[in-house]
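Novice: One structure is given below, represented as structure tokens, and several questions about it will come after.
Derivation of every value follows stated rules applied to the coordinates shown; laboratory data play no part. This is a predicted model, so every value here is computed, not measured. Using ideal geometry, Cβ is built from the backbone for each residue, glycine included, and neighbour counts are taken over all protein chains shown.
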Amino acid sequence: MIPKIRTGTDRAFPLIDYLFGPGKHEEHTDQHLVASWNNFAPDPGPNPERHQVAKLANQLDQPIKALGQQAPATRIWHCSLRTAPGDRHLDDAEWATIARRIVHATGIAPEGDTTACRWVAVRHADDHVHIAATLARQDGRLANLSFDKRKAQAEARLIEKEYGLRRLNPGDGTAAKNPTSQEHFKAERTGRTEPPRETLREAVRQAVAGADTEQEFFTRLREAGLRVKLRHAPSGDVLGYNVALPGDRNRTGEPIWFPGSKLAPDLSLPRIRRRLDAAPATATPEPDDHPARADRSAPARRRRDAAGIAERTLAVLDQDDDEAAAQLVGAGELLDALAQTSPAATRAELRAAARAFDRATRSHVRAENADIRALRSAARGIVHAGSALGRGEDGGATAMVLSTLVLLTLAAARWHSARGHAQQAAASRQAADHLCTAYQQAAASPIRTMREAGRILPAAERRRHDTNIRTVLGDDRRPSAPGRDALAAVLAEAERAGHDPKALLEEAASWRELDTAHSRDGVLVWRIRRVADLPASPEPPLQAPTTTRNGAKPGRPAQNPVPPEPAQPAIDPHRPTPRR
């Protein structure tokens, strides 16, 4: 059940006239009262005459009129209560009880208080009612509306439980402001797919993702096509910013500006400055000149780097401390960077994932001194590298980072759930669902290639890799299982590149979050490909391999194996912390 509360300076008549009228699209039917402050208020009924509406409105307004010049500026209180789609039908008696509970909980009319505010509950549709109240009590005092919205939400959660309705997640006051009904109506009227507020919120998030300076942030806003207006102090210092969509104007033809703080609490300029100052994104790394990686595109390199950094973030989310709150902000920037540079095949799902995860980045937990430079640098690298092509190495690298981000969002859901952050946990799970879909789209071709390679491995080599898989993972599935084929293929490829396949498998399996993976084999495939520095998208096999790269027979060690790359330093920014 969703309560929405508004207040106004008019007297009761305009609101009562609307509630008993036909509606803006003739959607109001069988308009009638279900409850009132004294149970004797006159009911105008369906399609009433103007004088019938005026009679009810005048009775509501009597305490306001009695105050004369002392009447409050804000005079009317309006709360709409709507059940969720699929909820059972509530009758008039049930709605009347629910309305009385809401006015009691919010302080409009506490139970047993005969001199409280006057109010009525109007029903003109099956799934909702409207409560209209005047904000002067009958004893001449003013209503106490402190925290009325929060109290209404808390009471709605209790009502859902007691009436068997769909139970929504309780909020904590950190969510971004939703578009108003007027904004939705205008978007529909002007042919927009969504209200400008939501379009602007996403554009501002993407502009701040990986930005290194305040000036770069403003430049990105303008490059995204937004109108930007800065607010200056008398000294010339920038105090804040407003953004508007081109063509979005009010009745007088002026642009409709939105301050950053009205888009989301963390998009105000002071909050953005704290993020930039505490965790600069640092310079974008130069292109990798290692011979084995020289032919990789910049988008592919940056995605591979991001996968390693995201793996390290998983270890932080698994710890019981507040640093994870900051890491989630960095993970949100990484998702925003991927969403704006993704190939067409995955762009829609990644944008949906980034929008959902945005809610998971805001809570009352603060970790001001946490270091999220690695995540912000990864986001910056992805933005500056540009769009991925969605095929070959780019497509495989996208699948590699998405595989890790699925685990990261699931870990975020557990972290929030442990702290009672119901809305943030639900948003994390929703983001994971979208990422799973995007991963399946990106990984389809490279995984299919690896499965084909696994199926044509020489029998002796295949048996050896299957033995290692069973030993390390305790996996008793048949050797020809689809996931097993791809895993055996990547182990064989790593061995031909000079690595110890069993050691690689043990290392990849030791990292955190493997048990929560939707596809354990898929996660291991991408971890091994990244750690062994194999191409993210292997070439399709032309025939069954008969020798290793150095001429050794399958199943036997090479006589002159290619030496492995030098050992990584003790702190490797592209490798997660092993589980102890």
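Novice: With the alpha-carbon atoms as the only input, what is the per residue convex hull volume for the stretch 55-188 in Å³? Working shown, then result.
Specialist: Values: hull volume 20.4 nm³, N = 134.
In the stretch 55-188, the Cα hull volume divided by residue count equals 152 Å³.
Novice: Pairwise over distinct Cα atoms, reciprocal of the mean inverse distance: report the Kirkwood radius of the stretch 134-254 in Å, one decimal place. Intermediate values should be presented prior to the final figure.
Specialist: On the way: mean 1/r = 0.0536 Å⁻¹.
Result for the stretch 134-254, one decimal place: 18.6 Å.
Novice: If every alpha-carbon in the chain counts as one equal scatterer, what log10 I(q)/I(0) does Debye give at q = 0.11, 0.13 1/Å?
Specialist: Those come out to -1.04, -1.27, one per q.
Novice: Quick one: which residues, 5+ away or cross-chain, put their amide H under 5 Å from the amide H of W119? H built at 1.01 Å from N.
Specialist: Sorted by chain and number, the residues that satisfy this are W37.
Novice: Right, something else. What is the angle, in °, between the Cα long axis of helix 344-360 and the longest principal axis of the Cα atoms in the chain? Nearest 10 is fine, range 0 to 90.
Specialist: 60 degrees
Novice: How far, in nm, would the chain grow between T193 and D212 when pulled straight, counting 0.36 nm per residue and subtracting the alpha carbon separation? Walk me through the intermediate numbers first.
Specialist: Numbers: separation 19, 0.36 × 19 = 6.84 nm, distance 3.17 nm.
3.7 nm is the gain from fully extending T193 to D212.
Novice: Let me ask something additional. For a quick protection proxy, order the peptides 439-449, 221-231, 402-412 by their average other-Cβ count within 10 Å, most packed first.
Specialist: 402-412, 439-449, 221-231
Novice: Right, next: For the pair R249 and Q70, how long in nm is the line joining their label points, each one 7 Å along Cα→Cβ?
Specialist: 4.8 nm
Novice: What distance in nm separates the two pseudo spin-label positions at N58 and S181, each 7 Å out from Cα along the beta-carbon direction?
Specialist: 2.7 nm
Novice: Take the Cα of D92, step 7 Å along the line toward its Cβ, and report every residue of the stretch 23-47 whose backbone nitrogen sits under 17 Å from that point.
Specialist: Taking a point 7 Å out along Cα→Cβ of D92, the residues of the stretch 23-47 whose backbone N falls under 17 Å are 29-47.
Novice: Also, quick follow-up: Give me the net charge of D91's neighbourhood, meaning all other residues with Cβ under 14 Å from the Cβ of D91; Lys, Arg count +1, Asp, Glu -1. It would help to have the intermediate numbers written out before the result.
Specialist: On the way: positive: R88, R123; negative: D30, D87, D92, E94, D126, D127.
Once all neighbours under 14 Å are counted, the net charge is -4.
Novice: Under a point spin-label approximation (7 Å from Cα along Cα-to-Cβ), what is the E111-S261 distance to one decimal in nm?
Specialist: Modelled inter-label distance: 3.9 nm.
Novice: Taking the 0 to 90 degree range and rounding to the nearest ten, how far is the long axis of helix 92-106 tilted relative to the main principal axis of the chain, both from C-alpha atoms?
Specialist: 80 degrees
Novice: Report the full-extension gain for the segment R520 to E223: residue separation times 0.36 nm, less the Cα-Cα distance, to one decimal in nm. Each step should come with its number before you reach the end.
Specialist: On the way: separation 297, 0.36 × 297 = 106.92 nm, distance 4.09 nm.
Gain on stretching R520 to E223: 102.8 nm.
Novice: Next question. Return the loop-located GluC sites (Glu not before Pro) in the stretch 1-110 (DSSP other than H, G, I, E, B) with at most 15 other Cβ atoms within 10 Å of their own Cβ; answer none if there are none.
Specialist: On the way: sites: E26, E27, E49, E94; in loops: E26, E27, E49.
Here the GluC sites (Glu not before Pro) that fit, given the DSSP loop and packing criteria, are E26, E27, E49.
Novice: Can you give the FRET efficiency to the nearest 0.05 for L239 and R366, using r as the Cβ-Cβ distance and R₀ = 22 Å? If you can, show how the numbers build up before the last one.
Specialist: Working: r = 23 Å, r/R0 = 1.05.
Efficiency, from the Cβ-Cβ distance: 0.45.
Novice: Helix 392-418 versus the longest principal axis of the chain: what is the Cα-based angle in degrees, 0 to 90, to the nearest 10?
Specialist: The answer is roughly 50 degrees.
Novice: Once phi is turned into θ = phi - 60°, what whole-Hz ³J(HN,Hα) does the Karplus curve with 6.51, -1.76 and 1.60 give for every residue of the stretch 201-207, x standing for Gly and Pro?
Specialist: Per residue, the Karplus-derived 3J(HN,Hα) values read 4, 5, 5, 5, 4, 5, 5 Hz.
Novice: For E539 and R231, FRET efficiency with R0 = 60 Å and r from the beta-carbon atoms, rounded to 0.05? Don't jump to the answer; show the numbers that get you there.
Specialist: Values: r = 56 Å, r/R0 = 0.93.
So the FRET efficiency works out to roughly 0.60.
Novice: Follow-up question, since we're still on this one. Taking every eigenvalue of the Cα gyration tensor of the stretch 111-171, multiplying by 5 and rooting it, what semi-axes result, largest first, whole Å?
Specialist: On the way: eigenvalues 130, 49, 21 Å².
Taking √(5λ) for each Cα gyration eigenvalue gives 25, 16, 10 Å.
Novice: Here is a further query. So how much slack lies between A444 and D172, counting 0.36 nm per residue of separation and subtracting their Cα-Cα distance, in nm? It would help to have the intermediate numbers written out before the result.
Specialist: On the way: separation 272, 0.36 × 272 = 97.92 nm, distance 3.95 nm.
94.0 nm is the gain from fully extending A444 to D172.
Novice: Could you quote the convex hull projected area for the stretch 328-486, Cα atoms only and averaged over all directions, in nm²? Walk me through the intermediate numbers first.
Specialist: On the way: hull surface 44.4 nm².
Projected area, direction-averaged: 11.1 nm².
Novice: I'd like the Karplus ³J(HN,Hα) series for the stretch 463-473: coefficients 6.51, -1.76, 1.60, θ = phi - 60°, whole numbers in Hz, and an x wherever there's a Gly or Pro.
Specialist: 5, 5, 5, 5, 5, 4, 5, 5, 5, 7, 9
Novice: From the P(r) of the stretch 303-389, can you give the percent of Cα pairs sitting at distances over 16 Å? Walk me through the numbers before you get to the answer.
Specialist: Values: 1980 of 3741 pairs.
Value for the stretch 303-389: 53 percent of Cα pairs lie more than 16 Å apart.
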